[in-house]
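The values are calculated or read from the model by the stated rules, or taken from the named source; none is laboratory data. Computed from a prediction, not measured in an experiment: that's the story for all the values here. All Cβ positions, glycine included, derive from the backbone under ideal geometry; neighbour counts span all protein chains shown. Just so you know, the surface numbers come from the protein's heavy atoms only, side chains and all, with ligands and any DNA or RNA stripped out. Shrake-Rupley method; radii C 1.70, N 1.55, O 1.52, S 1.80 Å.
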Amino acid sequence: MLTRVSASSWFCRYQNPVVDTDFPDPGVFYDRDHSTWYAYGTNSNGKNIQVASSQDFCSWRSHKEDALPGPHPPWTGVPGFNWAPEVVKAPGGRPGYLMYVSVKDRSTDKMSIGVAYSQQSPVGPFHFVSQGPLVSRVSIARTPSFRISGTDVHCFLGRNGRMYRPMPIH
């Protein structure tokens, strides 16, 4: 469930939960072109990826559409394993939006990260453009002293125009 943490810097009223449905692992994206916040939730409620939007970050509207409707490419494996989506505007002045999402890799049966693209709208539909996992848990280095987790996606655009994806270490 998506909830609002603090209202001290906002001038609107809200009531938790701001999205009143099962909305796990949300990634939030602000689209300057539409002056709108978008939240993307892990698969639930009959959708691979859920979307909610808000223009004031307080009043949220759930969208009926599945942001990642499929069909999914064969490498993604079993349906129902679309987790922790993160959306960014396509870099380099290109049109559209990229969604980085954790999916199950059929060849390894492990969670991996794939990339989907929507040409026109941050609501989607997004369709996979990666021909295989961008990052796979089996391809991530591990030692006995630490483990790098590659299943929750977070990314940002650097000042140099390059896309970065931090890797959580624990």
If GLY80 satisfies every condition in (1) more than 13 Å from the chain's Cα centre (by Cα); (2) at positive phi; (3) not in a loop (DSSP other than H, G, I, E, B) but one, which is the exception? (3)
Give me the pairs: first residue in the stretch 44-70 and at pLDDT below 90, second residue outside any loop (DSSP other than H, G, I, E, B), beta-carbon distance under 8 Å, and six or more apart or on different chains, which are they? SER44/GLN50; PHE57/TRP37
Looking at the structure I just gave you, is MET99 modelled with pLDDT under 85 and among the hydrophobic types (A, V, I, L, M, F, W, C)? no
Taking the stretch 105-154 on its own, how many of its residues are at pLDDT 85 or above, over 18 Å from GLY77 (Cβ atoms) and within 15 Å of the chain's Cα centre (by Cα)? 7
Just one listed residue, out of HIS34, HIS72, is touching a Phe, Trp or Tyr at 6+ places or on another chain (Cβ under 9 Å) and within 19 Å of TYR97 (Cβ to Cβ), and it is HIS72
So, of the residues in the stretch 29-88 that are among the hydrophobic types (A, V, I, L, M, F, W, C), over 20 Å from LEU134 (Cβ atoms) and out of contact with any Lys or Arg (no Cβ under 9 Å at 6 or more places or on another chain), which turns out to be surrounded by the fewest Cβ atoms within 10 Å (Cβ to Cβ)? TRP37
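Of all residues in the stretch 96-113, which are open to solvent by less than 40 Å² (accessible area, probe 1.4 Å) and assigned to a loop (DSSP other than H, G, I, E, B)?
GLY96
Is it the case that TYR14 is under 29 Å from ASN160 (Cα atoms) and of a type in the set (Phe, Trp, Tyr)? Can you show your working first?
On the way: under 29 Å from ASN160 (Cα atoms): no; of a type in the set (Phe, Trp, Tyr): yes.
When the stated conditions are applied, TYR14 does not pass them.
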